[in-house]
Amino acid sequence: MQTTNSIILAIESSCDETSAAIVHNGKVISNIIATQKVHEQYGGVVPELASRAHLQQIVPVVEAAVKEAGISKTDITAVGFTQAPGLIGSLLVGACFAKGFAQALNIPLIAVHHMQAHVLAHFIEDPKPQFPFLCLTVSGGHTQIVLCHDHLHMEILGETLDDAAGEAFDKVAKMLNLPYPGGPLVDKHAQKGNPERFPFPIPDIKDYDFSFSGIKTSVLYFLQKQVKADPDFVKNNLDDICASVQYTIVKALMKKLEKAAKALKIKEIGIAGGVSANSGLRNALQAYGAKNNWNVYLPKFEYCTDNAAMIGIAAYYKLLNEQFADMNVVPSARSQWI
Ligand code: KG4
Ligand code: ZN
């Protein structure tokens, strides 16, 4: 297989975004993301509805990515897709499409791990981190501190023992009657509020692991008590509640990231995943970076939440290393690092 002059079609379908990208020799030339609106009314992602929406969207999304890239389908030399982790029905739609496409054009298939791709989003554009690179990967399903030795050799140093950081944002948003996904809305209100108004405990977990279920529970009890005394408490204090919760989650994340960076003496530090779009976390990374003399890396907003560009970049590095998948590869909801 020729690895130079590659044009990769990348597919992401692990949750509620159907996305396709074209990556030409490691450069993203199109990245189309269709977000599924159907889940809003249910307050969370409904897996069966997600699979059906992927089925409806995948062909037009791929068509749009190919068109925007200004290429024709037959120019594509490999297909990358999210193999794991994610919602199994959603992953299956992307995997089946990718396999069919690869088989029809007789081109190689590349299986990508979604969390590895979030980290590799840092290699889409300059400035790119130097190795060893430490990445805090924070999404709706994962919270990890990842030590990257090179593009494909990554080690998880710590992770959440319960809820993910994004899940904590979304669950608190639900308590505040904000629509799904609540993380970005908590962020929006937090920007107008006082982060020190309502102090919540910061969990003390061993090593580089995290826990967010305690924060969620303390916010729940706090709100129940306050609303009993004043039914309008949430409405009248929304900005300060959001700012205080965000401050607590960000502090818990940064405490561990700083601990790992100091212990390993690494100064190349980044954040990735949906929660890396959070303004409080982005500001905190800059501030900790200035204090500790780190080179900090923040992905562009379109590469924070789920997107196929990051899958395409991960597929590109796998292609350079000739790591191709078999046609009988199957998606996996919970697979570990691949
Ligand atoms: O990486 P991602 O798009 O999907 C997963 O792989 O899970 O992350 C989605 C998560 C959701 O929990 C969403 O609420 C959160 O990222 N998120 C945010 C912000 N933007 C997205 N959380 C806090 N502040 C934001 N600005
Ligand atoms: Zn993700």
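Key figures for this structure:
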{"quantity": "Per DSSP, loop trypsin sites (Lys or Arg not before Pro) in region 1-73 with at most 15 further Cβ within 10 Å", "calculated": "Lys37"}
{"quantity": "Cβ-based charge dipole, the chain, positive-most Cα from Ile271, Leu253, Ala287", "calculated": "Ala287"}
{"quantity": "Protein accessible area in the chain, 1.4 Å probe - carbon and sulfur %", "calculated": "52 percent"}
{"quantity": "Residues with amide H under 5 Å from that of Ala325, placed H, sequence gap 5 or more", "calculated": "Leu109, Ile110, Ala111"}
{"quantity": "Estimated 222 nm signal from helices in the chain, with DSSP H stretches of n ≥ 4 weighted -39500 (n - 2.57), rounded to 500", "calculated": "-14000 deg cm²/dmol"}
{"quantity": "Ser279 paired with Lys206, simple spin-label distance in nm, labels 7 Å along Cα-to-beta-carbon", "calculated": "3.9 nm"}
{"quantity": "Cut-off under 5 Å, modelled amide H: who pairs with Gly270 long-range", "calculated": "Leu134, Cys135, Leu136, Tyr297"}
{"quantity": "Cα-centred dipole magnitude for the chain, charges only on beta-carbon of K, R (+1) and D, E (-1), debye, nearest 20", "calculated": "540 debye"}
{"quantity": "Solvent-accessible heavy-atom area per residue, rounded to whole Å², over the chain at 1.4 Å", "calculated": "43 Å²"}
{"quantity": "Simple spin-label estimate for Asn328 and Ala287 in nanometres, 7 Å along Cα-Cβ", "calculated": "5.5 nm"}
{"quantity": "Antiparallel %, DSSP beta bridges [both residues in the chain], to 5", "calculated": "60 percent"}
{"quantity": "Over 26 Å between alpha carbons, listed pairs Lys67/Lys99; Lys128/Lys262; Lys251/Lys318; Lys128/Lys206", "calculated": "Lys251/Lys318; Lys128/Lys206"}
{"quantity": "Pairwise label distance in nanometres, Asp150 with Phe301, each label 7 Å out on the Cα-Cβ vector", "calculated": "3.6 nm"}
{"quantity": "Length-normalised contact order for the chain - Cα pairs under 8 Å, 6+ apart - percent", "calculated": "25 percent"}
{"quantity": "Calculated FRET value between Ala229 and Glu125, using beta carbons and R₀ = 45 Å, to 0.05", "calculated": "0.35"}
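The values are calculated or read from the model by the stated rules, or taken from the named source; none is laboratory data. Note that the structure is predicted; figures quoted are calculated from it, not measured. All Cβ positions, even for glycine, are placed from backbone atoms using ideal geometry, and neighbour counts span all protein chains on display. Ligands, DNA and RNA are excluded from the accessible area calculation, which covers all protein heavy atoms including side chains. Shrake-Rupley method; radii C 1.70, N 1.55, O 1.52, S 1.80 Å.
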